[in-house]
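Contents: one structure, followed by commentary.
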Amino acid sequence: MAAAMNIASVGKSFPGVKALSDVSVELNAGEIVAIVGENGAGKSTLLKILSGDYTLDEGSVHLGSVDLSGATPLEAREAGFRLVRQEPEIVPFTSALENIFIGELPRRAGGRVDFTAMRRAAEDMLDRYGFRGLIDLDQQGRTLSPAQMQLVEILRALKPGAKVVAFDEPTSSLTLRETERLFDLIRQLRDDGLAVVYVSHRLHEVMEISDRVFILKDGEPTGNLPIGETDQDEIVRLMVGRNLDSHGMQREPITGGEVVLQVENLSSRWHDDISFEIRAGEIVGFAGLVGAGRTELAKVIFGEYARTGGTIRIAGEAKDIRSPSDGIAANIGLAPEDRKGEGLILVRSVIENACMAVFHKLSRWGFLRQNEMLDTVRPLVRSLDIKTPTLDTEVGKLSGGNQQKVVLARWLAAKPRLLILDEPTRAVDVGAKAEIYRLMDELARSGLAIMMISSEMPELLAMSDRVIVMHDGRISDPIPKSEATEERIVNLALGTAA
């Protein structure tokens, strides 16, 4: 195969940290190369060097005959390197169409934007890659779902001139159907002769989509293997230096205790006549495609979205939940899918974020009592093994897995009866996933009722005591763990079950 991009002996340091050391790898035209590693392994740093966001300290990067070792982002893009970012950059009050072409708006003679040409080009891409109907091009960026934002980011990268396309955690906001379409797209790009880089923590996806896997640990390469000559266990060992018991997913099914959450004939803008229950000690998984109403259901139960009918009972008592403060008062906690946008204030400290749900209990005369905050957070940081330099460290400086643990700490501080986890391991590495699964299991066995929304099939099958599948605002009958299969869940999610 011809090398589209050659990365030779690349090194990069930050104050006190060697982020990359002697990294060499060829990205070949017509090949999909997965890059894997734990958070902090250097994956994002490498992508930012290739995209021109960072300047390398050592080594070289060539895309064909073009030297990109000191390139700017514009130079890297014009040379043909395109990066689909994990966190889409969306202009909130601009249409999806304009977001796709941001910075590259086609213009007519005289300088006016050619909206007709722009729409035609966008619709051609949607048709070519199988995404027609998934997005309204006139919809404002601020109203797009996470999956639609990711689609905008993908379409930006696919405009003419691409030679190497890198996907950074592209399925973190997608569900089964969208992931399948994305994989079809990635294979099409490979077959069209592009070099494709696929960065993901989801090792089952890596095994399915990639031709070769390049592994980083602590900024150094530990493996560069054809996918047909390795397996998940070897990849994990090369990533973390140890085996992880199938990534921590060994939860045994249990029989729940008393009913904690009882939803009766619930209706809302997104739902129609939904009824189910979750018992103390249970993890009930919710599956479904984007738009099925899973996240919206969580937010209705928590009080963030309005309920138009039905009853929500907590421990047998009907609750009139009309706001998140009502949800908290009803002993409900919600860890949202968009951890950075909705779950945390990234520029505030670990201790502030962890105490946010109990500020009312920790303040007197409008002032927070620091000693009580410390007494609340210190044991949670220890028990959850949150890796942070200090409790005053900005939470945005922590890894994704540790950020998710801070969200969990907040709700454990509030001592809820029901904890709703929306995509609990989105964009966290395999080691952090194992820790989060362990914590979920411990919390359930301590009597907490857990409602888990997940787009990861292995996670749903391994962690759920029962699975409920949503389709078009309605739910299936609960499927016991012993009867839950990928085929059954997919058919219910697609509405094709007999």
Check: So is Ala122 closer than 23 Å to Asp184 by Cα and either in contact with a helix residue (DSSP H, G or I) (Cβ under 8 Å, 6 or more places away or on another chain) or of a type in the set (S, T, N, Q) (or both) or not?
Finding: yes
Item checked: Meets criteria (under 21 Å from the mean Cα position of the chain (by Cα), farther than 30 Å from Thr55 by Cβ, small (Gly, Ala, Ser) and at pLDDT below 85) for Ala147 -> yes
Next item on the list: Could you figure out which of (1) out of contact with any strand residue (DSSP E or B) (no Cβ under 9 Å at 6 or more places or on another chain); (2) open to solvent by 20 Å² or more (accessible area, probe 1.4 Å); (3) among the hydroxyl-bearing types (Ser, Thr, Tyr) isn't true of Thr485?
Entry: (1)
Notebook entry, point to check: Which strands (runs of 3 or more DSSP E) does the range 385-487 wholly contain that include 3 or more residues that are closer than 20 Å to Lys340 by Cβ?
Noted result: 418-422
Checklist line | Test result for Ser9, touching a residue at least 60 places away in the same chain (Cβ under 8 Å), outside any helix (DSSP H, G or I) and open to solvent by 20 Å² or more (accessible area, probe 1.4 Å) | finding: no
Check: So, in the range 36-52, of the ones that are hydrophobic (A, V, I, L, M, F, W, C) and over 22 Å from Glu75 (Cβ atoms), which residue ends up surrounded by the fewest Cβ atoms within 10 Å (Cβ to Cβ)?
Finding: Ala41
Item checked: Odd one out for Arg426, checked against (1) within 19 Å of the chain's Cα centre (by Cα); (2) open to solvent by 30 Å² or more (accessible area, probe 1.4 Å) -> (2)
Notebook entry, point to check: Do you know which residues across the range 140-192 are small (Gly, Ala, Ser) and open to solvent by 20 Å² or more (accessible area, probe 1.4 Å)?
Noted result: Ser145, Gly161, Ala162
Next item on the list: Scan the range 208-241 for residues that are in contact with a Phe, Trp or Tyr (Cβ under 9 Å, 6 or more places away or on another chain), over 15 Å from Val197 (Cβ atoms) and either part of a loop (DSSP other than H, G, I, E, B) or not acidic (Asp, Glu) (or both) and report the count.
Entry: 2
Checklist line | Of all residues making up the range 384-398, the number that are open to solvent by less than 40 Å² (accessible area, probe 1.4 Å), under 20 Å from Val430 (Cα atoms) and either polar (S, T, N, Q) or out of contact with any Leu (no Cβ under 8 Å at 6 or more places or on another chain) (or both) | finding: 2
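This table checks each residue for (1) of a type outside the set (A, V, I, L, M); (2) surrounded by fewer than 19 Cβ atoms within 10 Å (Cβ to Cβ); (3) at pLDDT 85 or above.
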| residue | (1), (2), (3) |
| --- | --- |
| Ala298 | no, no, yes |
| Ile314 | no, no, yes |
| Asp326 | yes, yes, yes |
| Ala329 | no, yes, yes |
| Lys361 | yes, yes, no |
Next item on the list: Please determine, by comparing only the residues of the range 14-30 that are modelled with pLDDT of 90 or more and among the small types (Gly, Ala, Ser), which one is surrounded by the fewest Cβ atoms within 10 Å (Cβ to Cβ).
Entry: Ser24
Notebook entry, point to check: Would you pick out the residues in the range 281-316 that are part of a helix (DSSP H, G or I) and aromatic (Phe, Trp, Tyr)?
Noted result: Phe302
Margin query: For Arg202, only one of the following conditions fails: (1) among the basic types (Lys, Arg); (2) open to solvent by less than 40 Å² (accessible area, probe 1.4 Å); (3) more than 29 Å from Met239 (Cβ to Cβ). What is its number?
Written below: (3)
Next item on the list: Quickly run through the range 279-293 and pick out the residues that are closer than 21 Å to Ala444 by Cα, of a type outside the set (A, V, I, L, M, F, W, C) and under 20 Å from the mean Cα position of the chain (by Cα).
Entry: Gly285
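The values are calculated or read from the model by the stated rules, or taken from the named source; none is laboratory data. Note that the structure is predicted; figures quoted are calculated from it, not measured. With ideal geometry, Cβ positions are generated from the backbone for all residues, glycine too; neighbour counts draw on all protein chains shown. Each accessible area value is taken on the protein alone, full model and side chains, heavy atoms only, with ligands, DNA and RNA left out. Shrake-Rupley method; radii C 1.70, N 1.55, O 1.52, S 1.80 Å.
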